[in-house]
Every structure is written in structure tokens, then in C-alpha cells.
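First comes the structure, then the notes that go with it.
The values are calculated or read from the model by the stated rules, or taken from the named source; none is laboratory data. Since we're looking at a predicted model, the values are computed, not measured. Cβ coordinates were reconstructed from backbone atoms using ideal geometry, including for glycine residues, and neighbour counts include every protein chain displayed. Just so you know, the surface numbers come from the protein's heavy atoms only, side chains and all, with ligands and any DNA or RNA stripped out. Shrake-Rupley method; radii C 1.70, N 1.55, O 1.52, S 1.80 Å.
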Amino acid sequence: GLFGVPELSCPEGFQEAQDKALQESEQLVQKACSTPPGPETVMIFDQLSDSLCRVADLADFVKVAHPDFAFREAAEEACRNIGTVVEKLNTDVELCQSLRRLLADETVMNSLDPETRRVAELFMFDFEISGIHLDEEKRKKAVDLNVRILDLCNEFLIGSHIPNKIDKNVLPEHIRYNFTAEGNYLQVAGLHADCPDDLVREAAYKIFLHTNAQQLARLEELLASRNSLAQLVGYDTFAHRALQGTMAKNPETVRQFLEKLSEQLSKRTQKDFQMMTKMKMKLNPHNSMLMPWDHPYYSGVLRAERYNIDPGLYCPFFSLGACMEGLNSLFSQLLGISLYAEQTKKGEIWSEDVRKLAVVHETEGLLGYIYCDFFQRPDKPHQDCHFTVRGGRLKENGEYQLPVVVLMLSLPNSARGAPTLLSPGMMENLFHEMGHAMHSMLGRTRYQHVTGTRCPTDFAEVPSILMEYFANDYRVVNQFARHYKTGQPLPKNMVSRLCESKKVCAAADMQLQVFYAVLDQIYHGKHPLKKSTTEILKETQEKVYGLPYVPNT
């Protein structure tokens, strides 16, 4: 079965795994309600959370990544059903009472260790943001809104990946070959951001991001539902609800941070845009106005030209094998940890190119497992990410439940006999995702509710970004970057050029992220929104980012 779960040897097994989890959760709810306040209350709550998360987290991964549609569909259904149960439990008054009795009992609370106390408070926080204090009718409304939001998120995400079709006669003949033909139509499935032809990038941008009435309706309903939910449970806006419990704390802090950052970036961003415009004039004298589809391309051209960092020069030094050796050696030196390849059993993995790694500490032994799903395949999302499949926790019998995670990348499949070669960007992404994986392995806690990356969302990126710094340091890169044919190490000046090149257009790149963040804050801020989501996008893009909005996108 998938990940060694016996039920999951076929898609129907999701129903079985789900029923088993729901049965177990019912028993645990009864147990929680009848147990006198004490540390055991928190243990039961954590077991309850674990029994549902073990199926939901696994299904969360399978629904996006499994090559078999039947598996994806069954996982999607399990996610929805368990998500609905979780929302109901978060508004279960009797269950909440058992936790409240514990939190109100000062003597017992003072006798708890800090970790148990913290976890009890976090469970209470989940009840509160779900509207436990409301009357029955409003609690039911909160559950319904939550379930609707889950569905809308799913539909919106799926909709944002769907390619757009266009009559091929609309496009000039000399660029049509860049897109997949389907009869008289051409399919545009992405932004073609790296294409040297300005016209191809312009066409891809305008077609792939063309206004879609269905997507707009989903987005508007999603934002309105999130706002209704937040107000129903007592917050001014959804942003207030989402930021409570994070390091940032509230929308005001975020707004001040983004404004300060934008101020500091402004002159440098203008300078970056001027450099890109000059480069565009040089390569395309007929049309030198800088547009949103130009930024990723020309910043790359400037980097490559100024520092001669053509990825083709670097790839031979970054074979996947060398990069994994590099990570292994780094983890061994920093953390006393080694990665070992494990044999998988029949049906344990979903694609034969997935590799399973055991993470072993020099004195503490086995810490957990990482499944590496690194290569492109049809229907696999093109995003690099880390999934928790099972959280770590101390079990009732004193054993430790080992964490299991998946790292998903979309590396190109190598030619026969040649190793997979990574560009510097892919190598940095591999290090970033491995940072998340190590966070999951090393964040060993007694309770799975706070294990590994289950921490405030704005802290979750710290270990992974830290790993990017290691990926850009000669002392680290020098240990593993070897030419796959000659064994020659990557010359020091090539590493310095690569690190220096990262500073080129860094202000404009960061300004783009600030624009995304500001837009997100406005969408989830005060409702009703003053204008349509598209008008807000146009206004924010021109004010915060600085490149013109493109009509009908």
C-alpha cells in the first residue's frame, strides 16, 4: 500500500482508511469528554488530531500528485470528508468543554510542563477561531462556510492551472510552433517566461492569464465567504483571523512592514527597471516599453550577460547525485545526520522513479523517512513543495511515531546513460525543500499537533531559506560540485559570479513579491471590497509594482 499503509493498495482503500479514522475519532471524542482534567486530556486531543491528520495529510498529497486519476479522485473525496469532520469537531461544544475544564483548573495547569500547556492552548485557539462561542445555528453556518471555502479553494487552484485555447490564426505564423496544436487551436499552458522572443512571451501572458468569468466568480465568492466566516467568529477581517498566532500578529504590522520595505526598495527597483528597459531597447529597438512579461526574462539576461552565468556552464557540475552527496555531507557536518537510500516494497510508491531516504542520526538512530518525487511526469503539478504525510509524536506505548514527508520537484528526465543535471536555480530549490524536510525530521515533539513544520506559517520558511544561504556559499558548494565527466571541481570564480549575480535586479524581484503580498492583504482586508478584484489588481500593480497592468488579464 502507498507509504506502507495496507489499505491503500487500491483507490477504494481510501474509503476504508477514512472510515477507520472516523471510527477511531468517535471513540477518542467520547474518551476526551469523560476523562477528568489532566495531562491525559491533551494526549487524547493529540491522538484525535493524529488519527484524522494521518489520512487527511496523506490524501492531500495523493490528490495532487498520483498519476492514476482514480487514486486522485478517491483522495480528494477523503480530504473533503475528513475536512468536514474536523470543522464539525472544532465546533463541538461538549468536546470543547472537556478542554475548557482543564484550562480553568489552575492547580492542574500549573502542574503541566510548558509543552503540554502550549498544546492545550493551541487546541483551544482552534475552537475559538472556528466559532465555538456562537449559538448552534451560527456554529452550523461556520461549518458550512468552512466546507464551502475548502471546495472553492480547490476549484480555484485547479482552474488556475488549466491551459487556455486560442484560434491559431490569431497568432503570427512564425511563433505558433511554441504552443501545442489541437486542430485549429493552439493550447497555451503557461507563461513561457524564459522564451527569448518578446512576442511569444507577450502572447502567452495575454492568453494564459486572459480574464475568465468562472475563475473571477470563484475568487469573489471565496473572498466573500472567508470574510463572512471571519466576521461570524468575531474578527474584523479574514486577515485578522489568519494572522493571529503568527509572528506578525496582525494586518497592521504586515502593512507597516510592507510599506517600509517598499520605501527602501523604491529607488533600487526604478534603477533595475531602467537597466531592463535599456537591455530591451538593445535587443528589440521597435518596442522598448517594459511590460510584466519582460521582467523575469530580462533580469535573467542581465544576470547572464554581466556575470556570464549561462546555466549550461553550471549544469555539468550539479548532477543530482553530486547535489544529494553535498546535502548528505552538509547534514552530517552540521547535524550529525546521514541519508540512506531504502528499498521500497511493492505498492509503496506511486511512480517508479520515487526514491525513499531514511534519515539517521549518529546517536539517536532513525529519525524518519523522506520520499523524493523529483522528476516531471504528465499531470504532475509544476511546483516544488514539501508535504507532511505523517507527523512525529510520542505514542502511548512509549515508542516514537516517525515522521514521513514527500519532497516534490519537477526536474527534467535525463537522457539515457547521462545523469540528471540541475541548473543553479534547481539546485537552490532542492536545498530549500530539504530545509523543510529537515525541519520535519528534527522538530521532534511529544505532540504531533506542533511537530516539524506545524508551526506559525511565517516561521515555517525560516529553515528552508537558511538552507538557500548554504547553497550559495563557496565553502559548501566546493565540497560537492564536480563535473560529471571529468570530476573537476567548480572553479571558485564561477561560484562567486553566481552569488554576485543573485544581487542583479534583486530589488525589482522583491518588489514583485511585495506587490503580491499587498494584493493578498487588500483582498482579505475590509469587505465589501471598494472595487472589483481586477480593478484592485490594476491599481495595486501600478502603485506598488510599477509595471503597467495589461487589460483583460
- Nearby lysines by direct alpha-carbon distance to LYS531 (threshold 28 angstrom, same-chain neighbours under 8 apart not counted): LYS141, LYS206, LYS249, LYS260, LYS543
- Task: Please quote Rg/Rh for region 315-489 to two decimal places, taking the Kirkwood radius as Rh and restricting both calculations to Cα atoms.
- Result: 0.97
- Message: Calculate the FRET efficiency for GLU325 and GLN383 from the Cβ-Cβ distance with a Förster distance of 25 Å, rounded to the nearest 0.05.
- Response: 0.45
- Task: Could you give me the percent of Cα pairs per 10 Å distance bin for region 444-553, shortest bin first, beginning at zero and ending with the bin that holds the maximum distance?
- Result: 11, 24, 22, 25, 15, 3, 0
- Take the Cα gyration tensor of region 11-114, multiply each eigenvalue by 5, square-root it, and list the three semi-axes largest first, rounded to whole angstrom. 33, 12, 10
- Message: With +1 on the Cβ of every Lys and Arg and -1 on the Cβ of every Asp and Glu, and nothing else charged, how large is the dipole of the chain about its Cα centre, in debye rounded to the nearest 20?
- Response: 1820 debye
- Hey, any idea what % of the chain's accessible area is carbon plus sulfur with a 1.4 Å probe? 54 percent
- If a/c stays under 1.5 just call it rounded; otherwise compare a/b with b/c (prolate if a/b is bigger, oblate if not). Do that for region 500-551, with a ≥ b ≥ c from the square roots of the Cα gyration tensor eigenvalues. oblate
- Given charges at beta-carbon only (K, R positive; D, E negative), |dipole| of region 141-199 in Debye: 220 debye
- Message: Compute the helix-to-body angle for 506-523: its Cα long axis versus the longest principal axis of the chain, expressed 0 to 90° and rounded to tens.
- Response: 40 degrees
- Item | Calculated [θ] (222 nm, deg cm²/dmol) that DSSP helices of n ≥ 4 give over the chain, each run adding -39,500 (n - 2.57) | -18000 deg cm²/dmol
- Here the Kirkwood hydrodynamic radius of the chain, Cα-based and in Å, equals 26.2 Å
- Query: Farthest toward the dipole's positive end in the chain, which of GLN448, ALA304, LEU430, given Cβ charges of +1 (Lys, Arg) and -1 (Asp, Glu) about the Cα centre?
  - Reply: ALA304
- Query: Placing +1 at every Lys and Arg Cβ and -1 at every Asp and Glu Cβ, with all other atoms neutral, what dipole size does region 315-489 have around its Cα centre, in debye to the nearest 20?
  - Reply: 340 debye
- Note on the structure: The alpha-carbon center of region 121-156 and that of region 273-347 are separated, in whole Å, by 41 Å
- Message: Could you work out the relative contact order of the chain? I mean the mean sequence separation of Cα pairs under 8 Å and 6+ apart, divided by the number of residues, in percent.
- Response: 15 percent
- region 2-133 accessible area per residue, 1.4 Å probe, protein heavy atoms, integer Å², reads 45 Å²
